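The values are calculated or read from the model by the stated rules, or taken from the named source; none is laboratory data. All values reported here derive from a predicted model rather than from experimental measurement. Because the Cβ atoms are built from the backbone with ideal geometry, glycine has one as well, and the counts that use them run over all protein chains shown. Keep in mind that these areas ignore ligands, DNA and RNA; they rest on the heavy atoms of the full protein, side chains included. Shrake-Rupley method; radii C 1.70, N 1.55, O 1.52, S 1.80 Å.
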Amino acid sequence: MTRLNETHDPKLRSWVAAANAADGNFPIQNLPFGVFRRKGSDEPFRGGLAIGDQIVDLAAARALFEGAAAEAAAACAGSTLNTFMAMGPRYWSALRLALSRGLREGAPQAAKFQPHLVPQALAEYALAAAIGDFTDFYASVHHATTVGRMFRPDNPLMPNYRWVPIAYHGRSSSIFVSGHRFYRPVGQTKAPDATAPTFGPSKRLDYELELGIFVGPGNTPGSRVPLEEAESHVFGLCVLNDWSARDIQAWEYQPLGPFLAKNFASTVSPWIVTLEALEPFRCPWTRDASEPQPLPYLDSPDNRERGALDVELEVCLETAKARAQGKGEMRLSQGNFRHAYWSAFQMLAHHASNGCNLQPGDLLGTGTQSGPDPKDVGSMLELTSGGKSPVTLPTGETRSFIEDGDTVIMRAWCARPGYPRIGFGDCAATVEPAV
Ligand code: MN
């Protein structure tokens with residue numbers, strides 16, 4: 001089944017010239033939502049839409065819309081998009097369509113939109129939602145197997161992995177929008193040959209290359225979200241760096257899972273790419289015949305046919321020395337979300353399968369996305385084999401894990417011949433020395 005509409009037409013161009021650049025993030029086929037204000041101002045943060053190198057100020061432009069699109073734009077006027085996320089696909093699509101029509105070349109409304117554009121270069125961002133709950137999944141079997149082998153050589157993949165979309169409940173207060181800086185975490189660690197732990201700065205700070213899934217309409221306590229309906233509960237996706245202190249994690253994680261190794265900082269990209277914008281990049285979700293097939297509540301013809309998302313991922317590093325020498329960033333690895341063991345929709349349906357009530361603006365992390373190719377690894381833990389094989393950078397520096405002054409930049413995008421590039425924008429953060 002195809003659910004493409006006029007907003008996906010690859011031939012559409014925008015009167016915002018930068019939206020038509022071949023290598024840009026935000027063509028008129030993308031139209032992602034975020035929360036912004038003019039940099040350094042005391043304006044209120046409010047909802048915006050990225051087009052080329054500009055932002056449509058949705059609160060200011062809302063008089064240009066009618067019907068459901070006008071209601072949706074009004075819901076974007078506040079400092080978070082939770083109300084808009086709660087409205088559901090009919091409203092999301094109505095606003096997307098109205099914006100697509102107003103921003104395309106030759107649009108009669110172009111002159112009326114023009115005064116409501118803010119250059120992205122002059123903007124700063126806030127979290128797009130008040131994130132009530134953050135749940136982080138573990139949906140790459142390649143990551144789970146490699147990491148499992150390091151932590152438990154005799155038992156790398158737990159028997160439940162092939163049946164249950166594994167996750168832990170994370171913390172939302174320490175999710176920050178791209179561009180932030182944070183202090184290296186301090187905590188208890190214990191070397192394998194030590195008799196007692198010590199307390200101090202983490203020596204094994206790592207990133208995790210993930211996508212974040214923003215929940216749209218929630219479900220009431222005790223109700224479930226059938227897999228067939230899961231996609232109407234997904235507002236959109238962002239890039240997510242689930243920072244992790246591996247030495248703290250190794251000592252604390254049994255028996256109840258990650259705690260202080262994970263809750264000091266997570267970074268998200270400012271823009272949320274809607275599920276509708278990703279429609280041309282849906283692809284079959286497959287489970288090899290040699291593996292256990294999902295239980296019925298996690299299986300559907302639609303998920304098999306179009307449950308996976310073809311989203312390219314990369315992680316880059318810029319050290320303080322590279323910055324000082326003008327050498328810029330270096331790509332550490334790449335990947336693609338289509339290799340995930342569980343689809344975004346299976347994760348959401350599973351989360352609600354016990355009657356847990358999801359709420360608009362909740363964030364689900366996909367888990368570190370490593371692929372079948374050994375170079376597609378989503379963490380330093382895998383890239384350096386637990387620190388045993390450091391990588392050498394163009395500056396001559398080496399890295400086993402992330403050091404103070406390092407900036408990690410993650411990106412995601414969808415690319416296909418004949419279709420404009422759908423970019424997610426940067427998800428960047430810099431590590432400061434422990435205090
Ligand atoms: Mn994670």
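Observations
- For Ala123, residues with placed amide H under 5 Å, excluding near neighbours: Lys39
- Once all protein chains are placed together, Asp373 keeps about 60 Å² accessible to a 1.4 angstrom probe.
- Peptides 291-298, 193-200 ranked from most to least packed by the mean count of surrounding Cβ atoms within 10 Å: 291-298, 193-200.
- Cα gyration tensor shape of the range 1-124, rounded if a/c is under 1.5, else prolate or oblate by comparing a/b with b/c: oblate
- Sites Ser79 and Asp310 - FRET efficiency at Förster radius 45 Å, r taken between beta-carbons, to 0.05: 0.85
- For the pair Ala130 and Lys190, label points projected 7 Å from Cα toward Cβ lie 4.1 nm apart.
- Heavy atoms of His116 accessible to a 1.4 Å probe, total area in Å² rounded to 10: 50
- Protein-only accessible surface at a 1.4 angstrom probe places the residues Ser389, Ser178 in the order Ser389, Ser178, largest first.
- Calculated FRET efficiency for the pair Thr392/Arg101, C-beta based, R₀ 51 Å, to 0.05: 0.50
- Shape metrics for the chain, restricted to C-alpha atoms - Rg then Dmax, Å: 21.5, 74
- Extension gain, Lys375 back to Asp302 (0.36 nm per residue minus Cα-Cα distance, nm): 23.2 nm
- Extending 7 Å from Cα along the Cβ direction at Asp9 and again at Glu228 yields two label points whose distance is 3.4 nm.
- Average accessible surface for the range 230-279: 27 Å² per residue, computed with a 1.4 Å probe over protein heavy atoms with every protein chain in place.
- Heavy atoms of Leu122: accessible area, 1.4 Å probe, square angstrom to 10: 100
- Long pairs among Lys321/Lys388; Lys190/Lys327; Lys39/Lys388, criterion Cα-Cα beyond 31 Å: Lys190/Lys327; Lys39/Lys388
- Prolate/oblate/rounded label for the range 63-146 (Cα gyration tensor, a/c 1.5): prolate
- Two-site FRET efficiency, Arg38 against Trp163, from Cβ-Cβ distance with R₀ of 35 Å, rounded to 0.05: 0.10
- Global form of the range 71-209, assessed from the alpha-carbon gyration tensor, a/c cut-off 1.5: prolate
- Set of the range 219-261 residues, backbone N closer than 12 Å to the point 7 Å along the Cα-Cβ line of Gln293: none
- Remark: accessible surface ordering of Ser172, Ser202 (largest first) is Ser172, Ser202, probe radius 1.4 Å.
- Taking amide hydrogens as placed 1.01 Å from N in the peptide plane, the amide H of Asn357 sits under 5 Å from those of Gly222, each at least 5 positions away in sequence or on another chain.
- For the set Lys375, Lys388, solvent exposure ranked by accessible area (probe 1.4 Å, protein chains only) runs largest to smallest as Lys388, Lys375.
- Label-point separation, Asn155 to Thr286 (7 Å along Cα→Cβ), nm: 3.3
- Label point at Val435 placed 7 Å out along Cα→Cβ; residues across the range 236-265 whose backbone nitrogen lies under 19 Å: 263-265
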